[in-house]
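Report on the following structure.
The values are calculated or read from the model by the stated rules, or taken from the named source; none is laboratory data. What you see is a predicted model; the values in this text were computed from it and never measured. Ligands, DNA and RNA are stripped out before the accessible areas are found, and what is left, the full protein with its side chains, is counted by its heavy atoms. Shrake-Rupley method; radii C 1.70, N 1.55, O 1.52, S 1.80 Å.
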Amino acid sequence: NINDTKTFFFFHTGRLLSFAILGGILGLVGNAMGINFTFTAILGILASIVMLLLGLNLIGIFAKSKITLPTGIFNFFRKIEHKTFTPFIIGFSTFFLPCGFTQSMQVAALSSGSFSSGLFIMFAFALGTLPMLALFSFGSASFAHSKYAPLFFKSAGVIVVGLGIFALLAQLAGLGIINPLFNI
């Protein structure tokens, strides 16, 4: 469908631009704050914990969220959902989603200490995740209601929990709290 293609194009364009621009801003903020290794490691630990919680949520450990948008906000989004730039705005706002992988890259951009480095880190991350997100975008509508969806989300949850544990242990080893998992 041409409308779906246009929607996905605007969404992913907004996402790429936001990650690049806001990644550069994170680099500037990191430079202004004088981010040190300990602060970066603590942010990494927090991102790892968020990753663990998201993974456990995908597995189904936590009860489904009962958080809902107020009616006025919901109605506003329903009214603008078919406007041309709505997918662009939503794609742009994905920078702020509580995703452990994204937060890890945001910590890297923050600790880079420069606009260009932060921009490159976040743009490369967004570009690297684009193929899989585009695949999910085009295949998600039918897949979300298939009989395999629960198995996929539980499997993804296990992988996210594993990566969250690995990232947490790496941060703790970096701070010297535990011994490194691997010696190279």
Compute the length gained on full extension between PHE182 and SER146: take 0.36 nm times their separation in residues and subtract their Cα-Cα distance, giving the result in nm to one decimal.
8.9 nm
Please give the solvent-accessible surface of LYS6 in Å², to the nearest 10, using a probe radius of 1.4 Å with every protein chain present.
90 Å²
Per 0.36 nm of contour for each residue apart, how much would the distance between VAL29 and ILE59 grow if the chain were fully extended, relative to their Cα-Cα spacing?
7.3 nm
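Expected output is a single nm value to one decimal: the length gained when fully extending between THR5 and ALA134, i.e. 0.36 nm times separation in residues minus the C-alpha distance. What is it? All intermediate terms of the calculation are to be shown ahead of the outcome.
Values: separation 129, 0.36 × 129 = 46.44 nm, distance 1.02 nm.
Computed gain between THR5 and ALA134 is 45.4 nm.
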Over all Cα pairs of the stretch 1-53, the Kirkwood radius sets Rh, and Rg/Rh then becomes 1.21
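Using a 1.4 angstrom probe on the protein heavy atoms only, could you order VAL29, VAL160 from most to least accessible area?
If we order VAL29, VAL160 from most to least accessible, we get VAL29, VAL160.
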Once ligands and nucleic acids are excluded and a 1.4 Å probe is used, how much of MET132 is accessible, expressed in Å² to the nearest 10?
100 Å²
